[in-house]
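Each remark here refers to the structure printed beneath this line.
The numbers here are math on the coordinates, done by the rules we state, and not lab data. Since this is a predicted model, take the numbers as computed values, not measurements. Positions of Cβ are generated from backbone atoms using ideal geometry, with glycine treated the same way; all protein chains shown enter the neighbour counts.
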Amino acid sequence: DQQVKQNSPSLSVQEGRISILNCDYTNSMFDYFLWYKKYPAEGPTFLISISSIKDKNEDGRFTVFLNKSAKHLSLHIVPSQPGDSAVYFCAASVGTYKYIFGTGTRLKVLA
Amino acid sequence: GAVVSQHPSWVICKSGTSVKIECRSLDFQATTMFWYRQFPKQSLMLMATSNEGSKATYEQGVEKDKFLINHASLTLSTLTVTSAHPEDSSFYICSANRDRDEKLFFGSGTQLSVL
């Protein structure tokens, strides 16, 4: 049972345009969400987080939106840059302890 | 700050041997460390949660005797893959929590190839 799903395995976007990565979850008890970026053969690096008491969090080019009723969150990257090309994982937890990761979306930003 | 060091980054071993992977928090004390495994093009699968000074908590389906975890200090956790077989070949990643921080800090991962 995949509690956190990223239904798009890959996404290609032109440099300068907006990248939107989506994540759906099934467990309504999840109250904290993270986005990570991962390059091949490296550990994930933290991008941005959001708690369930908010519906939006912004950090520079990265914005995360949370729709609790739809059990959906999305990561917006604008403007997209070639260096953003990586695999992006969303993760969810109950109480910021044990995180469940999605399957990842491979983003390719075309120059 | 919040650097997690993981060694080795890459290991090739013969079937039947054991491999130890180290995970260290370099500039903070990690009361909890997590071990993940990732197969190609798949998600990070949590294997176990490691607390300093106590036995690790394993996720369903993960063999305790196969994947030995030791969290001897607040800065070091080790994962030993015992009697490794080709199906154990995978990318193993550790992560750590620090107090009052909701994020996980990840090591750089270990690519294990069992021949």
Notebook entry, point to check: Tally Lys and Arg at +1 and Asp and Glu at -1 over the other residues with C-beta under 10 Å from the C-beta of A:Leu66: what net charge comes out?
Noted result: +3
Item checked: Rg to Rh, two decimals, where the protein assembly as shown supplies the alpha carbon set and Rh follows Kirkwood -> 0.97
Notebook entry, point to check: Distance from the Cα centre of region B:40-115 to that of region A:9-41, in angstrom?
Noted result: 23
Check: Are there trypsin sites (Lys or Arg not before Pro) in region B:13-81 that DSSP puts in a loop and that have at most 12 other Cβ atoms within 10 Å, and which ones?
Finding: B:Lys14, B:Lys41, B:Lys55, B:Lys64
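Kindly provide the Kirkwood hydrodynamic radius of chain A in Å, to one decimal, from all pairs of distinct alpha carbon atoms.
Details: mean 1/r = 0.0721 Å⁻¹.
Mean inverse Cα-Cα distance, inverted, gives 13.9 Å.
Could you state the per residue volume, in Å³, of the convex hull enclosing the Cα atoms of region B:1-54?
Numbers: hull volume 6.8 nm³, N = 54.
Normalising the Cα hull of region B:1-54 by residue number yields 125 Å³.
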Check: Summing +1 for each Lys or Arg and -1 for each Asp or Glu, what net charge is found among the other residues whose Cβ lies under 12 Å from the Cβ of B:Ala96?
Finding: -1
Next item on the list: Treating cross-link reach as a plain straight distance, find the lysines whose alpha-carbon is under 26 Å from the alpha-carbon of B:Lys14, omitting any fewer than eight places away in the same chain.
Entry: B:Lys41, B:Lys64, B:Lys66
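Ignore the peptide's own chain and count Cβ atoms of other chains within 10 Å of each Cβ in A:30-40; give me the average, rounded.
Numbers: counts 0, 0, 2, 1, 3, 0, 5, 0, 5, 0, 4.
If you average over the peptide's residues, the count of other-chain Cβ atoms is 2.
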Check: Which cross-chain or sequence-distant (5 or more) residues have an amide H under 5 Å from the amide H of B:Ser89, H modelled 1.01 Å from N in plane?
Finding: B:Val114
Notebook entry, point to check: Between A:Val94 and B:Asn70, what is the spin-label point distance in nm, taking each point 7 Å from the Cα along the Cα→C-beta axis?
Noted result: 3.3
Checklist line | Taking all pairs of distinct alpha-carbon atoms in region B:13-115, Kirkwood radius in angstrom | finding: 13.8
Next item on the list: Take every residue in peptide B:37-47, count the Cβ atoms of other chains within 10 Å of its Cβ, and give the average of those counts.
Entry: 4
Next item on the list: State the number of lysine pairs found in chain A whose Cα atoms come within less than 18 Å, restricting to pairs 8 or more positions apart or on distinct chains.
Entry: 11
Checklist line | the protein assembly as shown: Cys lacking any partner C-beta under 4.7 angstrom | finding: B:Cys13
